[in-house]
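What follows is a single structure, written as structure tokens, with notes after it.
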Amino acid sequence: MVLAFYGDKRSEMDVATQLESKQYGAPISAASRIARDRRYFVIISSLTEAELKVRLSAGTPVIARVWTAMLPDWQTQTSHVVVVIGYTHDGVFVNDPAFREHPRFIPRDAFLAAWAEFDETAVLILQNW
């Protein structure tokens with residue numbers, strides 16, 4: 001989803017292969033493998049809510065690790081990632097690979113609680129210019 005934002009037309013299967021994904025997914029640290037082709041720079045860290053807003057305002061989508069038990073429309077409790085693409089006072093807009101419709105709105109308190117479960121872990125994939 002983030003690579004498509006940059007116009008990178010790799011298939012989901014190609015990305016999964018590069019991430020060395022398993023049936024259940026890939027660890028968040030695997031995102032650094034995207035930088036191997038040197039077209040991208042990957043940052044994995046914790047962000048504050050203010051830093052999240054700054055990144056989104058600059059047009060950078062943010063991959064956020066969340067605990068699904070805190071999110072609406074989830075019946076399973078698991079670690080999951082969503083791509084945050086927008087922020088309002090009331091909540092965030094995300095692209096969630098588990099759902100067909102995009103973007104999805106998550107109320108602010110639900111998102112912040114789900115994100116806090118993993119210390120506000122975020123992945124930023126930036127283009128190398």
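Read-outs throughout are calculated quantities, based only on the coordinates presented, and are distinct from any laboratory measurement. Just so it is clear, the model here is predicted, and its values are computed rather than measured. When we count neighbours, we look across all protein chains shown, and the Cβ atoms used for this are built from the backbone with ideal geometry, even at glycine.
Where the eigenvalues come from the Cα gyration tensor of the chain, what are the semi-axes √(5λ) of the equivalent ellipsoid, largest first, in whole Å?
Semi-axes, largest first: 22, 17, 14 Å.
Per 10 Å bin from zero, what fraction in whole % of the C-alpha pairs of the stretch 1-72 is there, up to the bin with the longest pair?
15, 46, 34, 5
Going by C-beta contacts inside 10 Å, put H102, H89 in order with the fewest on the left.
Lowest to highest Cβ neighbour count: H89, H102.
Calculate for the chain the 222 nm mean residue ellipticity that helices alone would give, adding -39,500 (n - 2.57) per DSSP H run of length 4 or more and normalising by residue count, nearest 500 deg cm²/dmol.
-6000 deg cm²/dmol
Of the listed peptides 108-120, 8-20, what is their order by residue-averaged count of other C-beta atoms within 10 Å, with the highest listed first?
Put in order of decreasing packing, that is 108-120, 8-20.
Could you grab the relative contact order for the chain? Cα pairs under 8 Å, six or more apart, rounded to a whole percent.
Contact order relative to length: 28 percent.
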